[in-house]
Each structure stands twice: as C-alpha cells, then as structure tokens.
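> First the structure, then my questions, so here it is.
Nothing in this text is a laboratory measurement; each read-out follows from the coordinates by a stated rule. Because the structure is predicted, anything quoted here is derived from the model rather than measured. We place every Cβ from the backbone using ideal geometry, glycine too, and count neighbours over all the protein chains shown.
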Amino acid sequence: MDIKEEYKEVKGKYDVIIIGAGLVGSIIARRLSQYELDILLIDKEPDVGTGTSKANTAIVHAGYDSPFGTLRGKLVVKGNRMFYPMCEELDVPYKITGTYVVALTDEDLKTLEKLMENGRKKGVPGLEIISGEEMRRREPLVNPETTGALYAPTGGVSDPFMLTVAAAENAVMNGTDLMLETKALDFVVEPFSLHKKKVAGVVTNRGTFLADVTIASAGLYCDELMEKLDIKYDFYVRARKGEYYVFDKAKKGSVHNVLFPCPTPVTKGILVTTTVHGNMLLGPTAYELKDKEDTSVRAEGLAELREGAKRLVPSLEITDVIRVFAGLRAGGFLHDFIIEAPAKYWGFINLAGIESPGMASSPAIAEYVENLVREQGLELRKKKDWNPIRVGRPDFSELSPEEQAILIEKDPRYGRIVCRCETVTEGEIVAEIHSPVPARTYDALKRRTWLGTGRCQGGFDTPRVIEILSRELGIPPTEVIKESWGSNFLTRPTKDVPEGG
Ligand SMILES: Cc1cc2nc3c(=O)[nH]c(=O)nc-3n(C[C@H](O)[C@H](O)[C@H](O)COP(=O)(O)OP(=O)(O)OC[C@H]3O[C@@H](n4cnc5c(N)ncnc54)[C@H](O)[C@@H]3O)c2cc1C
C-alpha cells in the first residue's frame, strides 16, 4: 500500500501503543494504565468493541474444555478466576450461573468424563457429573432422554459490550489516550541489532505515533498487520461465523440455565442459554468464510440452530424471536491463542487467534501481555493514584420509584422515555454521549444503554435517538450513523422540499 506523505508526519511519542480497542485491547490498556506509562489505544472504527467483541455468546467459561497444555487452556482457567472481581471493579453486569454440558447418550457420558478429567488437570474448581434425573430437576425443560451432565459451578454470563466500554473508560480515566477512527496502516521499523529490528511505532491515517512497545490486538485483522512485518505462523485467519436467535425476555418456556451439548473437535455446538439481561439465546453455528465483514444470517444457519436447540430442549417453540444476528470468530486452524513477542523484532507484541474463550480469558491475557511488555525492556512502576474502580451511570429501569423521582428532579431529561421496551430515558442517552468514551453512533448507545434491543427493535426510538445525537454532537441528522461510516439513517433531500412537505 502506498502510504500518503501526510500520514508519515510524527504526531506523538508514547511508551506503549495498543492497536485495537476490542475487549482484549481495552482490557490490556486498563491493566497497563496502573503503571507510569504513556499509553495510546487506537481503533479504526468510531467506537470501541465493534469487532468480534460485539457479537458472541458472552459465557464466562469455566475452562474444562480448552485442551491441557495450550496457552488458551491455561489462560481461560486463570481468566475465569479474575473475571468476576474485574466486573465488580468496572461495574459490569455478570451472573455466576454455573454451566452444564448435557449428555444424551451413554457415549456422551464418556465425553463428560474426559472433559472433567481435562478440567481437573487444569485446576477448574468444583466440576461434577450429575445424573440425568438431577439435570431434569435443575432444568425441567431439558431433553427427557438426558443421561447426565457436567456441571461447572464457576461458569457464568456477562456483558461483553459493557465490559469493553468500561475497561476502555477506566483506562482513559487513568490517563490512557484513546483515538478512534484511527487505523494502523503500517509500522515504523528501525535497525536494532544483528538479528533483530525494532518496531518503533505505527503509521496511521492520523499520522505517525512512535512507541517503545507496540501491541497488535486487531482481532480478525491481525493477519493484515502481521503481513506488514512479515510475521508468519503455521496458521491462517479465517472468519468463522456464529449465528444466533435472541428471544423476548417475556417468552414463555424460556430456559434460564446455560446448556451446552457435548462438544465436537470443531465447535462447542449449539447452546441454549440465557443472557445476563434475561433473554434466552440459541447459538452459535460455526461456518468458515473469507469475507471478514459478512455478518449476514443464513437460512441454513437458522435451521441448524433450531435443530441443535431442539435436541437439548425438545419442547422449545421458535416464537417470540426478537432478533437474529451473527458474530465472526477470528478463527485459525491452530485453535490456540498466539500471544508473543516475535523473536525477530524488539518492541513488538502480537496477539492472534483470540477466539473463544477470549472474553473469559481476557484478564489473564492482559496479565500475560504485561509480562511481555516488561521483557521488552519497559520499567513498570506503579502509579500512586491508579483507580481501578469505574462507576457506571444510572440505569433508570433498575431504580426504585423514589430514586427515579430524585433523578428526574435533578435532570428532567430522565423523565422522558425514549426506548419504551427497555425503559431508556433521554437523560441516560445524553450521559453516554458525554461519557469518557463517548457514544457517537446509534449502535454505540445501544451497546451502552440497551436501547433498541427490546421487542420493537428500535422501531419506536430510532427517530428520537437520531434527533438527540444530532443535537448533542452538533451535526446534521443526515450525518448520524448507525455503526460504521456509510451507515447513515437519512439522506439529504435531492431537491428543495416545500415547508411542511
Ligand atoms: C460467535 C462467537 C461466540 C463467542 N463466544 C464466546 C463466549 O461465549 N465466551 C468467550 O469467552 N468468548 C467468546 N467468543 C470469543 C470472544 O468474543 C473474542 O475472543 C473476543 O471478543 C476477542 O476480542 P478482541 O479484542 O481480540 O477482538 P475484536 O473485538 O475483534 O477487536 C479487535 C479490534 O481491532 C480493531 N482493528 C482491526 N484492525 C485494525 C487496524 N488496522 N487499526 C486499528 N484498529 C484495528 C477492530 O476494529 C476491533 O475493534 C466468541 C466469539 C464469537 C465470534
């Protein structure tokens, strides 16, 4: 790629630059922000967490299934232990529900034994195989033919969108610079020693930024960055699509447990699970494709979901569906995380293949990266005033009538409901637009407030939200976007429209 001359102008110098403000990059930034370091976190999109982190199953895996001896297998167990305390600090919702792998045959029971043995070897606490009868007692809707289940009490569910926003916010509160719509195009590479070169910074569409250590955490696009540095693994990155059904919270006959089928070598299979917000969720499929932006949902995918889910819960009616969606795993055939400082460079840390359970592992990934940063020669001195606590803004729907009245008294915008299904007020929307990691798009607000996620899926709130974004950001309504550039809701009139017309 020919890089424009203006991009080569040096705009700043940092100790650490992190490329990619997904869940993993944001949690790394937060972890490093406890040290006296100048940190820059960049993302090519207008918001944090718009890649893989925005569409996944959101399960805090206990860690019994990732193979013993792999980095993924090690980090998920540690990550699970660190995950819930991190959510507490960041005011992110989570539920320690426990998870079940359901066996439907005697053969499946052997798989449960193997999973339990793998988990115990890795130190997953509390694993237990329960009888089919006990499983049916705990979840009456489960297939009556259930022969047993592996119960992992430390498994749970969380909110990956809020986690990404909260971690990025906490990093910013602690001095990290966040630059959105800033795409890493190339690297600054300098001679270092006989066998090594130094990665001395990043060339972006907003100029060049130098750094002592550059961390690439670009999810599905890690291969594009690796290509720039000629880093090759016995590994390729392909998007692996996972499709889902989401049901209305009020659906009768919903399952409120996390139920996995017995896994295959390629996928954990179609789950029937609950989100942390109380919606039943079916998914995901596992369909490999070349297009890293193709999040369309296939009819075959939905058929596969229905069939898979009915095996676990035969009485399940596919009614009250409020949404179907797809996420893209940053899959590679290694099926392990790659997190390393490649030997031929100094000052560069690469993350690749961070597929599931990347969310559950994320705090342990950040700790692992911190050690690599130290090995790259940076002295990590703790800040005296580091604040790990991030307090979320009020969720109007969760407040008591008395608390709601106090809030409305202080700011009448909390008295104006914009999203009726999820009871989201204008006050909450405005607070998010002016927060430390500002929401500047419709989907950014959706991820932070849950507006537009209810039964009407934004039918009621969208025009009002466009108006509020336009007013608060000082831009014309035609410039308000849904997610990425080009996703404008409105177009300019092509000719003068008569008044009132
Ligand atoms: C279907 C599915 C189900 C899953 N289920 C679970 C689960 O239940 N539990 C679990 O623990 N994990 C799960 N995962 C895995 C988890 O979602 C991921 O591991 C995690 O979100 C990865 O985060 P990330 O930050 O590495 O990637 P991303 O979220 O993709 O972030 C990468 C960021 O880099 C940015 N970027 C890319 N290129 C550039 C560039 N050149 N310059 C600047 N920015 C750039 C992107 O815009 C993006 O924001 C699932 C994943 C999928 C897809």
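> From the square roots a ≥ b ≥ c of the eigenvalues of the alpha-carbon gyration tensor of the stretch 250-320, which class results: rounded (a/c under 1.5), prolate (a/b over b/c), or oblate?
prolate
> Residues of the stretch 206-243 with the amide nitrogen closer than 15 Å to a label point 7 Å from the Cα of Asp38, along Cα-to-Cβ, please.
Output list for this probe position: 208-214.
> What is the dipole size for the stretch 1-134, taken about its Cα centre, with +1 at each Lys and Arg Cβ and -1 at each Asp and Glu Cβ, in debye to the nearest 20?
420
> Then there is this: What ranking do His277, His434 get, fewest neighbouring Cβ atoms within 10 angstrom at the top?
So the ranking, lowest neighbour count to highest, is His434, His277.
> Starting from the Cα gyration tensor of the chain, take the square roots of the eigenvalues, sort them a ≥ b ≥ c, and report rounded, prolate or oblate (rounded when a/c is under 1.5, otherwise prolate if a/b is larger than b/c, else oblate).
The shape class here is oblate.
> Just report the Cα centroid separation between the stretch 391-454 and the stretch 143-179, whole Å.
A separation of 22 Å, based on Cα centres.
> Output the relative contact order of the stretch 224-354, whole-number percent, from Cα pairs under 8 angstrom with separation of 6+ residues.
Relative contact order comes out at 32 percent.
> With every atom except the alpha carbons ignored, what do you get for Rg and Dmax of the stretch 115-266, in angstroms?
Gyration radius and largest Cα-Cα distance of the stretch 115-266: 23.3, 68 Å.
> In nm, give the distance between the simple-model label positions of Asp2 and Met179, each being 7 Å from the Cα along the Cα-to-Cβ direction.
Each label point lies 7 Å from its Cα, and together they span 2.3 nm.
> Oh, and also: Report the extension gain between Glu375 and Glu88 in nm, rounded to one decimal, defined as 0.36 nm multiplied by the number of residues separating them, less their alpha carbon distance.
Taking Glu375 through Glu88 to full extension adds about 100.3 nm, to one decimal.
> Here is a follow-up. Report ³J(HN,Hα) in whole Hz for each residue of the stretch 449-461, in order, from the Karplus equation J = 6.51 cos²θ - 1.76 cosθ + 1.60 where θ = phi - 60°; Gly and Pro get x.
Values per residue, Gly and Pro as x: 10, 6, 5, x, 9, x, 4, 8, 6, x, x, 7, 7 Hz.
> Fewest to most neighbouring Cβ within 10 Å: what's the order for Arg137, Arg390, Arg420?
Ascending number of Cβ neighbours within 10 Å: Arg137, Arg420, Arg390.
> Output the antiparallel fraction of DSSP beta bridges having both residues in the chain, as a percent to the nearest 5.
65
> Scanning the chain for GluC sites (Glu not before Pro) in DSSP loops with at most 16 other Cβ atoms within 10 Å, what's the longest stretch left with none?
With a cap of 16 other Cβ atoms within 10 Å, the longest stretch comes to 380-498.
> Test of understanding: what is the full-extension gain from Glu128 to Arg416, defined as 0.36 nm times their sequence separation minus their Cα-Cα distance?
98.8 nm
> If you put +1 on each Lys and Arg Cβ and -1 on each Asp and Glu Cβ, how big is the dipole of the chain around its Cα centre, in Debye rounded to 20?
Approximately 540 debye in magnitude.
> Quote the relative contact order of the chain in percent (integer), defining contacts as alpha-carbon pairs under 8 Å separated by 6+ residues.
Relative contact order here is 19 percent.
> Then there's this: If each residue of separation counts as 0.36 nm, what is the full-extension length gain between Glu467 and Asp234 once their alpha-carbon separation is subtracted?
Net length gain for the segment: 78.9 nm.
> Right, something else. Charges on Cβ only, +1 for Lys and Arg, -1 for Asp and Glu, centred on the Cα centroid of the chain; of Cys262, Cys87, Leu210, which one is farthest towards the dipole's positive end?
Cys262
> State to the nearest 20 debye the size of the charge dipole of the stretch 396-479 about its Cα centre, where the only charges are +1 on K and R beta carbons and -1 on D and E beta carbons.
Value, rounded to 20: 260 debye.
> Would you mind listing how long the stretch 396-479 runs along its three principal axes, going by Cα atoms, in whole Å with the largest first?
Dimensions of the stretch 396-479 along the principal axes of its Cα atoms: 38, 28, 19 Å.
> Can you give the calculated 222 nm mean residue ellipticity of the chain, where each DSSP H run of n ≥ 4 adds -39,500 (n - 2.57) and the sum is split over every residue, rounded to the nearest 500 deg cm²/dmol?
Calculated mean residue ellipticity at 222 nm is -9000 deg cm²/dmol.
> Over 19 Å between Cα atoms: which of Lys78/Lys122; Lys44/Lys241; Lys78/Lys383; Lys74/Lys110; Lys11/Lys183; Lys196/Lys228 fall into that group?
Over 19 Å Cα-Cα: Lys44/Lys241; Lys78/Lys383; Lys74/Lys110.
> To continue, here is another question. Which Cα, out of Leu451, Ala431, Pro388, lies furthest along the positive dipole direction of the chain (beta carbon charges, K/R +1, D/E -1)?
Farthest along the dipole direction, towards plus: Pro388.
> Among Phe460, Phe161, rank each residue by its count of other Cβ atoms within 10 Å, from fewest to most, as a rough exposure measure.
With the fewest neighbours first, Phe460, Phe161 line up as Phe460, Phe161.
> Using alpha-carbon pairs under 8 Å, 6+ residues apart, how would you state the relative contact order of the stretch 396-479 in percent?
24
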